[in-house]
Amino acid sequence: MKFKILVLLLFFSLLNFTPSFSQIAGESTYQFLNITSSPRQLALGGKNITTQDDDVNSGLFNPSSITQEMDNMLSLNYFSYFSDISFGSLAYAYRLDNRGNTLHFGFSYINYGDFIGYDEFGNYTSNFSGNESALSVGYASKLKNIPVTFGTNLKFITSTFEQYNSYGLAADIGFFYFDDTNDIKASLVLRNLGFQLKPYNEIHESLPFEINLGVSQKLENAPITWHITLENIQKWPIGLSNPSRIITDLDGNISEEKVSLFNEILRHTIVGVELFPDSFFKMQLGFSFRRSEELRILEQRNFSGISFGFGMKFSKLRFNYCHSKYSSASNVNFIGMQIDLD
């Protein structure tokens, strides 16, 4: 019955939704929805969807990872993105009954800082700011007779830029499979299916829809869990020729950058490892091939795409930190805390 209710809620949330299976950054609105939601997730590469424990942050990105172990956990995360842009998230979970049914609440917010306004003639008008936020409610339920959990997040989105406002509805759908025998986890997540309730200026834009597939395994004889995530598998090709890498020879012949099939596959791939996953102190290391390729500088080693971090647990308080390499111009430090309110 509860599964049918979830499907019904999802159906109504997706009315008037027209999917676009080639979306990527710059081709849709509300791009902040796909920003990494926690330090641990970023440290594992940025879009990890195969953690299913008491980390309440994982439910923000993958609703099927919501578990009863998250009950009464509250998490706060913040990082200074680039320039004056700041991003924060909050997550909380509440177990409804002894059968493990758990509700998940999330909030994410991004502020783009202050801007100086000018009209089309270059005359100063006024200063303005821009910000966006999303409020989500999630729920997960284990399917009968099979080791699969189904989960969904429903999100209400607000966005403001100068005098322009927009509101939207979106949903995430997730499926989580767990193999007890081999300690293998696999998950499929469809994110940001939805539509704008109110566009900025009459024209409705698509949402940043993406499909992610992940698998992880905890090694039997070593305190290590490895993770592999395939991101944006709805979009092929995802890699385009970079205009700054055009080569012109002495005869004036122009050669564009060629993206091979192998490179295309790598750009969809994120890898990560977590050391001491069951300890009070755990460490993470991740690598995003697409971020590395898109932000790297030719003939210069800047380690774009690498992320690393750690988490420490003190009684009912957990602290997480991540440092992520983006480019030579700027990197990101992400901090977060999770509190057990019991």
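The values are calculated or read from the model by the stated rules, or taken from the named source; none is laboratory data. None of the values given here were measured: they were computed from a predicted structure. Backbone-built Cβ (ideal geometry, glycine too); neighbour counts: all protein chains shown.
Only one entry of Lys185, Lys155 meets the criterion of being touching a helix residue (DSSP H, G or I) at 6+ places or on another chain (Cβ under 8 Å), of a type in the set (D, E, K, R) and within 19 Å of Thr102 (Cβ to Cβ), and that entry is Lys155. Evaluating Gly311 against the criteria (1) touching a Lys or Arg at 6+ places or on another chain (Cβ under 8 Å); (2) farther than 30 Å from Met70 by Cα; (3) of a type in the set (Gly, Ala, Ser); (4) at pLDDT 85 or above leaves one unmet condition, (2).
Among the residues making up segment 53-100, those that are out of contact with any strand residue (DSSP E or B) (no Cβ under 7 Å at 6 or more places or on another chain) and surrounded by fewer than 20 Cβ atoms within 10 Å (Cβ to Cβ) are Asp53, Glu69, Phe82, Asp97, Asn98, Arg99, Gly100. Only one entry of Ser108, Ser83, Ser129 meets the criterion of being of a type in the set (S, T, N, Q) and at positive phi, and that entry is Ser83. Inspect all residues belonging to segment 239-252 and state whether any of them is touching a Leu at 6+ places or on another chain (Cβ under 9 Å) and at positive phi. No, there is no match, as no residue in segment 239-252 is touching a Leu at 6+ places or on another chain (Cβ under 9 Å) and at positive phi.
Pairing each residue of segment 15-41 that is at negative phi and modelled with pLDDT under 75 with any residue that is surrounded by 16 or more Cβ atoms within 10 Å (Cβ to Cβ) and of a type in the set (Val, Ile, Thr), provided the two are 6+ apart or on different chains, yields C-beta distances under 8 Å for Ile24/Ile238.
Listed conditions (1) modelled with pLDDT under 95; (2) surrounded by 11 or more Cβ atoms within 10 Å (Cβ to Cβ); (3) not in a loop (DSSP other than H, G, I, E, B) are all met by Phe262, apart from (2). Contact map, segment 123-147: residues that are within 28 Å of Ser86 (Cα to Cα) paired with residues that are part of a loop (DSSP other than H, G, I, E, B), Cβ distance under 6 Å, separation 6+ or inter-chain. Pairs shown: Thr125/Asp119; Phe128/Glu162; Gly138/Ile66.
Within segment 289-327, the residues that satisfy the criterion of being assigned to a loop (DSSP other than H, G, I, E, B) and more than 23 Å from the chain's Cα centre (by Cα) are Leu298, Glu299, Arg301, Asn302, Ser315, Lys316. Summed over segment 300-322, residues that are touching a Gly at 6+ places or on another chain (Cβ under 8 Å) and free of Cβ contacts under 8 Å to residues at least 40 places away in the same chain total 3. One residue alone among Gly113, Gly174, Gly138 is more than 19 Å from Leu90 (Cβ to Cβ), in a strand (DSSP E or B) and either modelled with pLDDT of 95 or more or within 17 Å of the chain's Cα centre (by Cα) (or both), and that residue is Gly174. If you filter segment 189-240 down to residues that are assigned to a loop (DSSP other than H, G, I, E, B) and of a type in the set (Ser, Thr, Tyr), you find that the one that is surrounded by the fewest Cβ atoms within 10 Å (Cβ to Cβ) is Tyr200. Listed by first and then second residue, the pairs linking a residue in segment 191-207 that is more than 18 Å from Thr160 (Cβ to Cβ) to a residue that is aromatic (Phe, Trp, Tyr) and not in a loop (DSSP other than H, G, I, E, B), with Cβ atoms under 9 Å apart and 6 or more places separating them unless they lie on different chains, are Arg191/Phe61; Ser206/Phe195.
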